[in-house]
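Okay, so here's the structure we're looking at.
The values are calculated or read from the model by the stated rules, or taken from the named source; none is laboratory data. As the structure is a prediction and not an experimental result, all values here were calculated from the model. We place every Cβ from the backbone using ideal geometry, glycine too, and count neighbours over all the protein chains shown. With ligands, DNA and RNA removed, areas are computed over all heavy atoms of the protein, side chains included. Shrake-Rupley method; radii C 1.70, N 1.55, O 1.52, S 1.80 Å.
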Amino acid sequence: MLRAPFDPKQILFTQADLDADALHPLLAGAVDQVRAVAAWAREYLCAPHPELGRKGPVCPYAQGSLDRDVFYLAVHRGETVNEAELDEVLAVYRDWFHQLDPLTGPSAQFKTILLTLPDLPGDVARQVVDRTQLRLKPHYTDQGLMLGEFHDGPPAKGGLWNPDFRPLRSPVPMLVVRYMVASDLPFLADDPVTLASYLRYFGHGGPASLRGQVRAAAQRHGLPMPEPSANVGIPHPNTNQGVR
């Protein structure tokens, strides 16, 4: 269990914390839901799916995160939620993410924080999660991060290889923070604001196979390709990970 150094009320749990004999009070009445998220990651995200439209697991990111013990679970309790307060809670985890070990090396790219909302009724949770992700996404991409939305709706976004597949279904509503990676281009290319963030980080550093798509997206929005010296880069190894 880890506590945020600048806000000790915010806590990150690992699988070992969920299996402990003495559970943290924050998990009281919600531990089964949080355990279900850990099981969902292993059994769904890390496995193939017949509707995915490609070989391999639903999320190439998840197995590496679990194996390296950098798969962190957070819990925000309450049957109602103030969205402004939720934004502030997420901001704590976002800022903590940047300081959370590992900061460099192969394991850093797999670090992820899943903020679960185990008490929210389903209809409320779907709206809150979708609205929050849409509202905050540009703030996260500006920092080289992705904010993903998951719930039992499921979210309407289709898969990259099968648009009829809805890969963001989860047993508990949650918002997920991870590093942006070069292969996130399709999730960012339709919005000039998020595409501008992508260009800052990957405009000259992404895979050669994506450079034509990057240039085309930039031209579509009237955005200049960054000069090589302006390419900020994200301080972690590039991967081709991500659900969808």
Query raised in the report: Out of (i) 13.2; (ii) 12.4; (iii) 17.8, which label holds the value of mean projected area of the Cα convex hull in nm² that was computed here?
Result: (i)
Query raised in the report: With every protein chain left in place, what is the accessible area per residue of the chain in square angstrom, probe 1.4 Å?
Result: 46
Report task. Would you work out if segment 123-198 is rounded, prolate or oblate? Take a ≥ b ≥ c from the square roots of the eigenvalues of the alpha-carbon gyration tensor; rounded if a/c is under 1.5, else prolate when a/b is larger than b/c, oblate otherwise. Result -> oblate
Query raised in the report: Got a number for the accessible area of E85? Probe 1.4 Å, square angstrom, nearest 10.
Result: 90
Query raised in the report: Stretched out fully, how many nm does the piece from M1 to E227 gain, at 0.36 nm a residue minus the Cα gap?
Result: 77.1 nm
Query raised in the report: Cross-link partners among aspartates and glutamates for K137, C-alpha distance below 15 Å, same-chain residues fewer than 8 apart left out?
Result: E83, D87, E88, D95, E149, D184, D190, D191
Requested in this report: For the chain, with all protein chains present and a 1.4 Å probe, just round the carbon and sulfur fraction of the accessible area to a whole percent.
Outcome: 53
Report summary line: For segment 61-75, Karplus-derived ³J(HN,Hα) couplings (6.51, -1.76, 1.60; θ = phi - 60°; whole Hz; x for glycine and proline) come out as 7, 5, 4, x, 5, 5, 4, 8, 6, 10, 9, 9, 10, 10, 9
Report summary line: Rounded to one decimal in nm, the spacing of the 7 Å Cα→Cβ label points at Q219 and D69 is 5.0
Report task. Counting helices only, and only those DSSP H runs with n ≥ 4, report the 222 nm mean residue ellipticity of the chain as the sum of -39,500 (n - 2.57) divided by its residues, in deg cm²/dmol to the nearest 500. Result -> -10000 deg cm²/dmol
Query raised in the report: In straight Cα distance, which lysines are under 22 Å from K55, not counting same-chain residues fewer than 8 positions off?
Result: K157
Report summary line: Counting sequence-distant residues (5 or more places) and residues on other chains, those with an amide H built under 5 Å from that of Q10 are A4
